[in-house]
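I have placed the structure first, in the form of C-alpha cells, so that the comments after it can refer back to it.
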Amino acid sequence: MRLSFRIAGVVAVSSLCASPAFATSTGVTGQTGKDGATCSTCHKGGELPTVEFEGPTSLAPGATGQYAFIIRGGPAKTGGVGIAVDSTEATLQAGEGTKKLGAELTHAQPRAFTNNELRFPFTLVAPATDVTLTLFGAGNSSNADFHTDGDRAVATKLSVTVGKGTPGVGPDDDGEGGGCAAAGSAPLWALVLAASPLALPRRRRRSPRRQAE
C-alpha cells in the first residue's frame, strides 16, 4: 500500500512537469514555499536568479499596501510567479500580469523580462487586528522554450507587521512555567547540583578513617 502511494506521488509530479504549458502559461497554486513546495520541483537546470519582495514591512490594521515581487537574472527570457500569505484574514489582490487563484496570486501568462528584471505588482489588504504576517513568493526565470529544463525557480518571504504585530509572550508568561523568576533562580540550582557530586566523594574518603579508629 505504501509503495502504491509513492508511485502515485511520482506520477503526479511527473505529469505536472511534463505539462510545461500548464505550469508556465496559466500558473499554478501551492508552489509559493508556504507549504514547503516551490516551482523548483519542476523548473531546474538554468542559471540561478534572485528574487525579492518590495513594499512596506509594516501596515496599519485594515490598510492596503502596494507590493511587487521581483525576479532578476537567471535565463531571464520570460518568468512566472506564485504568491501567498499565511493569514486567512489578509487579502491579496492581483496587479498587472497576475491573477487570483483561490487565496493565492499567480501569473496570468509568462511575462518577458526587461533589462534582466521582471516585476509583478500586487496589493495586500491587512487584517483589522494586530498581527504579524508572512508573504511567501516563488519566481521562475525561464528560457522561454516551453520546457521545464533550463529554467530556474527561487523562493523567498517577507514579514509584515500589522499594527503592533502579533502579541509577544510576557516576561512572566514564557510558556516554561517560570518566566524571569525561574531564570533568576537558575544559578542557585546550578551551584547545588555542582556541589553535590563533590560532597559525596568526601564522605567516602572519610569513611575508611572512621572504620580504622
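Throughout, read-outs are computed from the coordinates displayed, never taken from laboratory work. It should be emphasised that the depicted structure is a prediction, and the values quoted were computed from it without experimental measurement. We place every Cβ from the backbone using ideal geometry, glycine too, and count neighbours over all the protein chains shown.
Neighbour counting of Cβ atoms within 10 Å sorts the residues Val81, Val125, fewest neighbours leading, into Val125, Val81. The label-point distance for Thr88 and Glu54, in a model that sets each label 7 Å from Cα toward Cβ, rounds to 3.4 nm.
Measuring against 21 Å, Cα to Cα, the residue pairs Lys77/Lys157; Lys100/Lys157; Lys99/Lys157; Lys100/Lys164 contain Lys77/Lys157; Lys100/Lys164 as the ones spanning a longer distance. If R0 equals 22 Å, the separation of the Cβ atoms of Ala68 and Glu47 corresponds to a calculated FRET efficiency of about 0.50. The fewest-to-most ranking of Leu124, Leu59 by surrounding Cβ atoms within 10 Å reads Leu59, Leu124.
Ordered by the count of other Cβ atoms within 10 Å of each Cβ, fewest first, Phe136, Phe122, Phe69 give Phe136, Phe122, Phe69.
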